[in-house]
Amino acid sequence: MYLSGNDAGASCPGNGLTEDERKQLIKQHNNVRRIIARGNAKNYDGAKLPAGKNMYEMKYSCKLEQAAIDATGAACSASLPDPQKYGQNIQV
């Protein structure tokens, strides 16, 4: 995910995502982070994970979005072999 505390508006040029999609991505990431920070997250086998610490609300960064695109190219279109054990973000 291309996140940081830099770009307040997240109105990035091009790159295939709309502003609404970026808002949804950041909202979902922050929801998951909130669950983890409060100690309500479960592992893939159902065991409760310890509460997270220093998990601040994320804000979107257009600069990091572009840096991630430049760094990964088409590599992010590949999926992990066992997606049930690991979370992943890919753009299809």
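The values are calculated or read from the model by the stated rules, or taken from the named source; none is laboratory data. Keep in mind it's a predicted model, so treat the numbers as computed, not measured. Heads up, the Cβs are rebuilt from the backbone with ideal geometry, glycines too, and the neighbour counts pull from every protein chain shown.
Scanning the stretch 27-63 for residues that are surrounded by fewer than 13 Cβ atoms within 10 Å (Cβ to Cβ) and part of a strand (DSSP E or B), which turns out farthest from the chain's Cα centre (by Cα)?
LYS48
Which pairs turn up if I take residues in the stretch 2-28 that are more than 15 Å from ALA68 (Cβ to Cβ) and look for partners that are among the charged types (D, E, K, R) and at pLDDT 50 or above with beta carbon separation below 9 Å, at least 6 apart in sequence or on another chain?
GLY5/GLU57; GLY5/LYS59; ALA8/LYS59; GLY9/GLU19; SER11/GLU19; SER11/ARG22
I'd like to know if the stretch 73-91 contains one or more residues that are touching a Ser or Thr at 6+ places or on another chain (Cβ under 9 Å), surrounded by 10 or more Cβ atoms within 10 Å (Cβ to Cβ) and either on the phi < 0 side of the Ramachandran plot or modelled with pLDDT under 80 (or both).
Yes, the stretch 73-91 contains at least one residue that is touching a Ser or Thr at 6+ places or on another chain (Cβ under 9 Å), surrounded by 10 or more Cβ atoms within 10 Å (Cβ to Cβ) and either on the phi < 0 side of the Ramachandran plot or modelled with pLDDT under 80 (or both).
Rundown of residues vs (1) at pLDDT below 90; (2) out of contact with any Leu (no Cβ under 8 Å at 6 or more places or on another chain); (3) on the phi > 0 side of the Ramachandran plot; (4) among the aromatic types (Phe, Trp, Tyr), yes/no style:
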site: GLY5; (1), (2), (3), (4): yes, yes, no, no
site: ASN15; (1), (2), (3), (4): yes, yes, yes, no
site: ASP20; (1), (2), (3), (4): no, yes, no, no
site: ASN31; (1), (2), (3), (4): no, yes, no, no
site: ALA51; (1), (2), (3), (4): no, yes, no, no
site: GLN66; (1), (2), (3), (4): yes, yes, no, no
